[in-house]
Amino acid sequence: MKRVRGRRSERGLWIAVGAFVALVGIGTLAGMPWRYAGGGPVMAVVQVAAALATIGIGAAVAWLGVTSASEKR
């Protein structure tokens, strides 16, 4: 029984970490850091792409947490 409980909490941890990382990406987009960077439009594009990649990574980590519960053990 302890193994099952441990796996459930591990799954919840993956989901929480993924959601946090995705929220960090959303917060980065909402904060618009490219307005304060001196790199011009190229730096703005890089920062937007990095924020979108952060959201994607967070969503993927959360998805792995969700789908790990449906695997047969």
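Counting only residues that are at pLDDT below 65 and open to solvent by 100 Å² or more (accessible area, probe 1.4 Å), region 1-24 holds 5 of them. Evaluation of T67 against the conditions (1) of a type in the set (S, T, N, Q); (2) surrounded by fewer than 15 Cβ atoms within 10 Å (Cβ to Cβ); (3) touching a helix residue (DSSP H, G or I) at 6+ places or on another chain (Cβ under 6 Å) shows that the sole unmet condition is (3).
Within region 32-73, the residues that satisfy the criterion of being modelled with pLDDT under 90 and closer than 22 Å to A16 by Cα are G65, V66, T67, S68, A69, S70, E71.
The values are calculated or read from the model by the stated rules, or taken from the named source; none is laboratory data. Please read all numbers here as calculations on a predicted model, not as lab measurements. Positions of Cβ are generated from backbone atoms using ideal geometry, with glycine treated the same way; all protein chains shown enter the neighbour counts. Each accessible area value is taken on the protein alone, full model and side chains, heavy atoms only, with ligands, DNA and RNA left out. Shrake-Rupley method; radii C 1.70, N 1.55, O 1.52, S 1.80 Å.
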